[in-house]
Amino acid sequence: MEAVHKNCQSCGMPLKRDPQQGGTHADGSKSTMYCSHCYQHGKFTQPDITVEEMKVLVKGKLKAMGFPGIVTGVFTRHIPKLARWKVNR
C-alpha cells in the first residue's frame, strides 16, 4: 500500500494543488505519492529526467508563477530528498 504524502515525491508540488488530485496508477486508481504532472497510468511522465533537470523545471514553473528566484531555490532544494530520487541513487 502506498503511503499518503502532502507533496509529490517527484517534483515536490503540494498534492492539494494538483488539479487532478494526484497521478494515476496503471489500474486508474489515484496515486497518493505523485502528482498528475509527474505520474500517469502507472508511469512517470518524464522517466529519464534527472534530479537536477527536475529542479530546473520546477524553478522555471515557479518563476513563471511569479515567485522570486531566491524563493524558487528554497522550494527546490529538497527535491533530491524526495522518494523518487532516493530510490534511483
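The values are calculated or read from the model by the stated rules, or taken from the named source; none is laboratory data. Small disclaimer: the values here were computed from a predicted structure and weren't measured. Glycine also receives a Cβ, built like all others from the backbone with ideal geometry; neighbour counts cover every protein chain displayed.
Annotations
- Leading residue by the ranking (nearest to the chain's Cα centre (by Cα)) among those in the stretch 67-79 that are loosely packed, with under 14 Cβ neighbours inside 10 Å and closer than 17 Å to P14 by Cα: H78
- Filtered residues of the stretch 2-54 (kept if of a type in the set (K, R) and either within 11 Å of L82 (Cβ to Cβ) or under 9 Å from the mean Cα position of the chain (by Cα) (or both)): none
- Selection status of T24, β-branched (V, I, T) and surrounded by 16 or more Cβ atoms within 10 Å (Cβ to Cβ): yes
- Residue ID - surrounded by the fewest Cβ atoms within 10 Å (Cβ to Cβ), chosen from residues in the stretch 27-58 that are among the hydroxyl-bearing types (S, T, Y) and within 19 Å of V4 (Cβ to Cβ): S29
- Pairs meeting the criteria (first residue in the stretch 38-50 and at negative phi, second residue in a strand (DSSP E or B) and at pLDDT 95 or above, beta carbons under 9 Å, at least 6 apart or on different chains) are C38/F44; Y39/T24; Q40/T24; T45/Y39.
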